[in-house]
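Since the structure comes first, as structure tokens, the remarks are kept for the end.
Just so it is clear, none of the values below were taken in a lab; they were calculated from the coordinates. Bear in mind that the values here come from a model prediction, so they are computed numbers and not experimental data. Every residue, glycine as well, gets a Cβ built from its backbone with ideal geometry; the counts of neighbours run over all protein chains shown.
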Amino acid sequence: MDHEKVNILLVDDQPAKLLAYEVILKDLGENLVIASSGREALEVLLKTEIAVILVDVCMPELDGFELAAMIREHPRFQKTAMIFISAIQVSDIDRLRGYEMGAVDYVPVPVVPEVLRAKVKVFAELYRKTRELERLNHDLEDRVRARTAELENSTAKLRESEQRRSMAIAAGNMGSWDWDWISGDWMWDEGQYRIFGVGPENFAVNPANVQALLHPDDVDQLRKAIAEFNKGTRAYETEFRIIRPDGEVRWCVGTAAATVDDSGRVVRVSGVTVDITERKRAEERQNLLAREVDHRAKNALALAQSIVRLTRADEVKAYVNAVEGRINALARVHTILSLSSWQGAELSRLIDEELAPYSLGGQILLAGPKVQLLPATAQTLALALHELFTNSAKYGALSTRSGRLAIGWQVEDQLLTLNWEESGGPLVMPPKSRGFGTRSLLASVESQLGGQAQFDWRAEGLLCRLEVPLIRKTAATNASGKFEDASSAELQRASG
């Protein structure tokens, strides 16, 4: 079998002996290195890896014992095998000295070729096996280091992945669980406990306790899931509600997957629970808003339809202007309410919007606190103010530069009182009959808002007093329980 050759150092001051050793050891097939003195042997050792040293004991300048001592002092050669060859009678004391110097064996002269060859071969093989073992150990250490580094890297990645998963679960209101189908044991993670509003220190996870936290109307979902898995279903998803110990109801979506054995029997079910309460609430708000938008759009269309149908005028242009003015007033208050997400409108904002088209400068004086109006109240009051401004601009104080208008309001016990006082305009004559604007104003304020509207057509200018409750005490309700605006119905009655 082919093997890596090792170096054998032959040290002797007699060339004839060196030649004889070469002939004897040639058949071993190793590399034979020659040194004719101890100093030359040291030089060879420093440059070459030597497996076995064959050294003559009796040499001039540096004998075999001295050379062995110098070799053993060097850390690199402390385990190098040395065989002494002695031509003189070797006593036990000489052998002991040689062993102390690091010799592993003695060969007497005359040398028996077979004995010398056998001994050198043994130590050469030992050196070779030792080197192979060292290489194997080194390779093994490298593999262990590489495997350790790989495991550490894998562990770090797993830890990082688990941290990301935990963060994602926490951020996404998620929890995970595992159910041993055979033993009935459950395992919940932190997120699962958090969703159900319980803790591992005071809640034992078992089917009875879990079922007790389910909404009574959704318990059948758990039974249905178990039945589906028993039928062979491998995955199941459903929405359900839980009732936390503090009474709070939460919406969840659960996804579960089954693990089966070789026979196809379910042995484990694992899943994820996601708290979707906020999404459900958002959907409910969206549906409510959609219904509200639909309701308000229908009312707005009904109002517009009533305005168009009931407005009277002697000519087309006047009719168009009247209709456009009333619809624009409705549009302006709609915009204000939209900006507040239909939470309400501020009274002074409504007045400012109605004043904007006139640009009357210092003719108008406003005085009053901030008052937030409900959407239905704001719509009705905006149309009433529009009728007052339109009438004043056509026939009253705002029809001339000398005219003045004072609008003041106050709130007491949730009752808004608004005073409209004109002066300095044309001479006022009480109307012989009430027009559509006046009738619609009276009908909407009194019938729809439950307030009162009083008119005093003084010669120096109109005086109007509106009293409007800020809290609706009576109102018609539709099938959904929402307040139903009565503007269009009141306009219909006003036209009569």
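Residue ranges 202-210, 144-152, 29-37 sort as 29-37, 202-210, 144-152 when ordered by packing (mean number of other C-beta atoms within 10 Å per residue, highest first). The ratio of the alpha-carbon radius of gyration of the stretch 7-137 to the globular-protein estimate 2.2 N^0.38 Å is 0.99. Assuming a ≥ b ≥ c are the square roots of the Cα gyration tensor eigenvalues, decide whether the stretch 331-388 counts as rounded (a/c under 1.5), prolate (otherwise, with a/b larger than b/c) or oblate. Prolate shape, in that a/c is at least 1.5 and a/b is the bigger ratio. Ranked by the mean number of other Cβ atoms within 10 Å per residue, highest first, peptides 59-70, 261-272 order as 59-70, 261-272.
Largest first, the extents of the alpha carbon coordinates of the stretch 201-259 on the three principal axes equal 37, 23, 15 Å. Take every pair of alpha-carbon atoms less than 8 Å apart whose residues are at least six positions apart; their mean separation over the length of the stretch 173-275 yields a relative contact order of 31 percent.
What are the residues whose amide H is under 5 Å from the amide H of Ile276, where those residues sit 5 or more places off or on another chain and H is modelled from the backbone? Sorted by chain and number, the residues that satisfy this are Trp251, Cys252, Val253.
Rounded to the nearest 20, the Cβ-based charge dipole of the stretch 173-275 about its Cα centre (Lys and Arg +1, Asp and Glu -1) stands at 260 debye. Based on C-alpha pairs under 8 angstrom that are at least 6 apart in sequence, the stretch 7-137 has a relative contact order of 24 percent. Near the amide H of Val33, within less than 5 Å, lie the amide hydrogens of Ile8, Leu9, Leu10, all on another chain or at least 5 residues away, with H placed in the peptide plane. Which net charge results for the neighbourhood of Trp186, defined as the other residues with beta-carbon distances under 9 angstrom from its beta-carbon, given Lys and Arg at +1 and Asp and Glu at -1? Charge balance near Trp186 sits at -3.
Here the 3J(HN,Hα) profile of the stretch 248-254, calculated from phi with Karplus coefficients 6.51, -1.76 and 1.60 at θ = phi - 60°, is 6, 9, 10, 8, 9, 10, x Hz, Gly and Pro shown as x.
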